[in-house]
Amino acid sequence: MDLTTERAKGGPRHVAIIMDGNGRWAQARGKPRLFGHHAGAKRVREIVEACPDLGVRYLTIFAFSTENWKRTQTEVAGLMSLFRRYITREARSLFKEGVRVRFIGDRIKLDEKLVRLMDDLELMTSDNDRVHLTIALNYGGRDEVARATKRLAREVKAGRLDPEKVDAESLAKYLDTYVLPDPDLVIRTSGEARISNFLLWQSAYAEYEFIDTLWPDFTAETFARSVASYAGRERRFGAVPG
Ligand code: IPE
Ligand code: IPE
Ligand code: MG
């Protein structure tokens, strides 16, 4: 089969979402930013549950970036506590829905209790296969490539890897996402048209969809519309269509 050009038939297999706009959503209601984060977290379940009907097998969501530590201590602490509560509260329903959960990002800066909850949820759902939900937490694309390079360099130093054999394919095996296919569609909410260090390597040929909706207003219907807009786009992967 010729894989150089391909019309995006059906839906995207892997959708990645930059869930942005929680702060503005709260501000518009005269509430603190954390109120928006709580409302945003509540949206996730509906989107995950919409995946099977839309043919989306992989869903990756950006929850906290390596740059988000620059926010106030109150907001950062509030988000970390929200992540702990989210995992505790949602674990059973995710398991029952057949969702396999993975986390990407650097765990080193996260508190022990949160990391334990993340590990437990990954283990608990490891036999699930209906939807693959990946949560990017303390994730940055550049940081991920740097960590991958560090591991790769260690292999070279130990004499287990020939530097001449390093290519894009072998480097990708060191990324946090090594078991996942590349995203076909990346959606960003809230009207910002930037990628903010999300899946830099993996999105090399992704289709992008920037929408004005703020994340706490994002519904299964909004999701279905974005997914539908993907179908029919021509993906060329650098080739001239024949
Ligand atoms: C996205 O919403 C959630 C996180 C980055 C944790 P924001 O908090 O960035 O919301 P805005 O962009 O300030 O509205
Ligand atoms: C990206 O949103 C990170 C997440 C959605 C978790 P930001 O709101 O942090 O990105 P910038 O600062 O607008 O680029
Ligand atoms: Mg933002």
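The values are calculated or read from the model by the stated rules, or taken from the named source; none is laboratory data. Values in this document were obtained by computation on a predicted structure and should not be read as measured data. Counting neighbours? That spans all protein chains shown, and the Cβs are built from the backbone with ideal geometry, glycine included. SASA here: full protein model, heavy atoms, side chains in, ligands and nucleic acids out. Shrake-Rupley method; radii C 1.70, N 1.55, O 1.52, S 1.80 Å.
Out of all the residues in segment 205-216, is one or more more than 16 Å from ligand 1 (Cβ to nearest atom), part of a helix (DSSP H, G or I) and either over 15 Å from the mean Cα position of the chain (by Cα) or more than 25 Å from ARG24 (Cβ to Cβ) (or both)?
no
Scanning segment 172-215 for residues that are within 16 Å of ligand 3 (Cβ to nearest atom), out of contact with any strand residue (DSSP E or B) (no Cβ under 6 Å at 6 or more places or on another chain), closer than 22 Å to ARG233 by Cβ and of a type outside the set (Ser, Thr, Tyr) turns up GLY191, GLU192, ARG194, ILE195, ILE211, ASP212.
Every residue, every condition in (1) more than 30 Å from PRO241 (Cα to Cα); (2) aromatic (Phe, Trp, Tyr); (3) more than 15 Å from ligand 3 (Cβ to nearest atom), yes or no:
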| site | (1), (2), (3) |
| --- | --- |
| GLY11 | no, no, yes |
| HIS14 | no, no, yes |
| GLY23 | yes, no, no |
| ALA26 | yes, no, no |
| VAL44 | yes, no, yes |
| THR60 | no, no, yes |
| PHE64 | yes, yes, no |
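Within segment 62-75, can you find the residues that are closer than 22 Å to ASP119 by Cβ, open to solvent by less than 20 Å² (accessible area, probe 1.4 Å) and in contact with a helix residue (DSSP H, G or I) (Cβ under 7 Å, 6 or more places away or on another chain)? Residue satisfying the conditions is PHE64 alone. Highlighted here are the strands (runs of 3 or more DSSP E) found entirely within segment 1-116 that include at least 3 residues which are within 15 Å of ligand 1 (Cβ to nearest atom) and at pLDDT 95 or above: 14-18, 58-65. Within segment 180-200, take every residue that is over 13 Å from the mean Cα position of the chain (by Cα) and touching a residue at least 60 places away in the same chain (Cβ under 8 Å) and give me the one that is nearest to ligand 2 (Cβ to nearest atom). Taking the candidates together, the pick is GLU192. Of all positions in segment 157-177, none carries a residue that is touching a Phe, Trp or Tyr at 6+ places or on another chain (Cβ under 6 Å), surrounded by 13 or more Cβ atoms within 10 Å (Cβ to Cβ) and within 17 Å of GLN202 (Cβ to Cβ). Looking at (1) closer than 30 Å to ARG147 by Cβ; (2) among the basic types (Lys, Arg); (3) not in a loop (DSSP other than H, G, I, E, B), which is the only condition ARG225 fails? Every listed condition holds for ARG225 apart from (1).
Scanning segment 214-239 for residues that are open to solvent by 30 Å² or more (accessible area, probe 1.4 Å) and under 28 Å from ASP143 (Cβ atoms) yields LEU214, PHE237, GLY238.
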